[in-house]
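To keep things clear, I will list the structure first and then write my remarks on it.
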Amino acid sequence: MSNGSRNRWFGLVMLSLGLAMIIADVSIVNVAIPVMIEDLKIDFTTAEWVNTSYSLVFAALLVTLGRLGDVIGRRRLYLGGLIVFALASLGAGLAPNGTLLVGARLLQGIGGAAISPATLSIVSSEFRGRDRGIAFGIWGSVIGGMAAIGPLIGGWLTTNASWRWAFLINIPIGVVAFVGTLIYINDSRDENAERRFDLVGAVLTMVGFGALVFGLIEGYKYGWWGQSQEFSVLGLAWPAGWPVSIIPFAFALSALALVAFTVRELRKEARGDRSGVFGFRLFRYPGYRYGNLTALVLSLGEFGLLFVIPLFLQGMLGLSAFDTGLTLLPLALGTFVAGPSAGALAARIGPKWVVTSGMGLEAIAIFWIGLLFSPDLDVWSLVPPLAVYGVGVGLATAQLTNVALAQIPREESGVASGGTSTLRQVGSALGIAILGTTLAIGLGQGTRDRLQAAVDRLPPQAAQALPFPASELPELVAKPIESTFGQALPGLLSDPRLPEPARPVIRSAVEESFVDGAVNASRAATGFVLLGLIISLFIPNTRHEADHDPA
């Protein structure tokens, strides 16, 4: 960045624009998913992949691209990321089907994987002392705030224009960030960085994380152990006669790849070779070790729940995408209020207690939201817990990044920031997969069980009035309900094949199952946040360690 103080803060604004794009494109898609499902005729696994493919590629490439920024220049990496992300957003906005949309999201993930570590390493290397805490407070509030305000933007665009504009809006923002970066940010790099890249290590991380998320998302469809549906892709099919589905093999492949990656990286570091894609050596710093582990676990709950809430509000309560965004606005406001003040608070009591306090507020708020889920939920009752949730996110997110990088030498900020962002994005992808699957299981199996019980109680004359065997009713209803995360309910209730007397029973079964699935997802999210809170207690409560480079 420029040496001038004013230009340095203008530069932070340009970094924040790019960061806002890549964060908002997760939560913007959350509120647009129900409309995409209807418009593109995609099923629930494709809907999950629209979200998760972005986070997965993002996570798999963060460390590699973070190191690339150390070598070629962090500003150059940031500018390249902006170009890729803007072009991929154009492709997503014009996608005619779910397959091409997922492909565009994969490309967005590449652009995001360049933008995120570049912004973090530039902030980490250029800000010191009290300014560093303020800068990370702004950086963190952009992450938390855009995750919350994204649904409002996406909802307004989806309701008043098209869900496609949730992607196309990135193009003008990217242009402004690109031009502003050229003006206000000077390039920086690590002159001592290794010029070689560990391509094998990069491939192992992509295979490991990809197989893990694939198993979590597709397990419900193909069977967690026994094969319930044949898997095929690009003309290649999993043997239909096999008693075991592809999912256990996906988990085994993930474990092998990640173990091989870890062993390979540790051996390289033991030889003094620093060309690896992940700086395991940096875990000797307690702040980096426990801060990143906390961020990983916390992201499981935070981003997974933000995937579930819009589906519930639109599928269960019938809210529009814009009304859903308005409902989530208190979360954004709480984050934007708390984030910038987190740095000043950390200077007084230490960043550890700011993080712990924020996560405590998050856990309380998520559990509170879970208690409110019901078919006749009053959205105004969500305002207090969402505001508390936002304050917790604003406090925890910014200072988690601060404590994770506070002890890291400046010359390794690229590798360190890539590792920090990687673990956060891995948590995001896994959280969406785990909580999304929890909701789908609650919806699908719950609807089947409730309708089966209702069918068993039907009088013979009522069963004969159905235009199909009564035993087919549970599957007829449950299949579209689980494949669309409940968004198919209005259409089912107007289906002429379903007689009028059966519709209240169907509505009740789906609504009760939706509530059960959402409550179970909120409980899982609460558990993840509480686990992260416990881990955060091991973070050293240091102040201003970034004023000097560690030996």
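Residues considered: A257, A321, A295. Of these, the only one that is hydrophobic (A, V, I, L, M, F, W, C), open to solvent by less than 20 Å² (accessible area, probe 1.4 Å) and either touching a strand residue (DSSP E or B) at 6+ places or on another chain (Cβ under 6 Å) or closer than 22 Å to F367 by Cβ (or both) is A295. Of all the listed residues (A525, A502, A463), the sole one being buried (at least 21 other Cβ atoms within 10 Å of the Cβ), out of contact with any strand residue (DSSP E or B) (no Cβ under 8 Å at 6 or more places or on another chain) and at pLDDT below 85 is A502.
Exactly one residue out of L377, L386, L395 is under 30 Å from G517 (Cα atoms), outside any helix (DSSP H, G or I) and either in contact with a His (Cβ under 6 Å, 6 or more places away or on another chain) or hydrophobic (A, V, I, L, M, F, W, C) (or both): that is L377. Considering (1) in contact with a Gly (Cβ under 6 Å, 6 or more places away or on another chain); (2) at pLDDT below 85, the lone condition that A202 does not fulfil carries the number (1).
Filtering region 408-415 for residues that are part of a helix (DSSP H, G or I), within 30 Å of V142 (Cα to Cα), out of contact with any Pro (no Cβ under 9 Å at 6 or more places or on another chain) and acidic (D, E) leaves a non-empty set.
Residue check: is V84 at pLDDT below 80 and either open to solvent by 30 Å² or more (accessible area, probe 1.4 Å) or of a type in the set (V, I, T) (or both)?
No, not satisfied.
Considering region 473-526, and only residues there that are outside any helix (DSSP H, G or I) and in contact with a Leu (Cβ under 6 Å, 6 or more places away or on another chain), the residue that is nearest to Q229 (Cα to Cα) turns out to be F485.
When the test is whether a residue is open to solvent by 40 Å² or more (accessible area, probe 1.4 Å), modelled with pLDDT of 70 or more and in contact with a Leu (Cβ under 8 Å, 6 or more places away or on another chain), I185 does not pass it. Name the residues in region 324-348 that are within 22 Å of I432 (Cα to Cα), open to solvent by less than 40 Å² (accessible area, probe 1.4 Å) and assigned to a helix (DSSP H, G or I), would you? Across region 324-348, the qualifying residues are T324, G325, T327, P330, L331, A332, T335.
Can you confirm whether V355 is of a type in the set (V, I, T), open to solvent by 10 Å² or more (accessible area, probe 1.4 Å), touching a residue at least 24 places away in the same chain (Cβ under 8 Å) and in a helix (DSSP H, G or I)? No; evaluated as a whole, the condition is false for this residue. Are any residues in region 10-26 among the aliphatic types (A, V, I, L, M) and closer than 16 Å to L306 by Cα, and if so, which ones? I22, I23, A24, V26 - these are the residues of region 10-26 that are among the aliphatic types (A, V, I, L, M) and closer than 16 Å to L306 by Cα.
The values are calculated or read from the model by the stated rules, or taken from the named source; none is laboratory data. Quantities reported herein were computed from a predicted structural model and do not represent experimental measurements. Cβ sites come from the backbone with ideal geometry, for glycine too, and all protein chains shown count toward neighbours. For accessibility, only protein heavy atoms count, side chains too; no ligands or nucleic acids. Shrake-Rupley method; radii C 1.70, N 1.55, O 1.52, S 1.80 Å.
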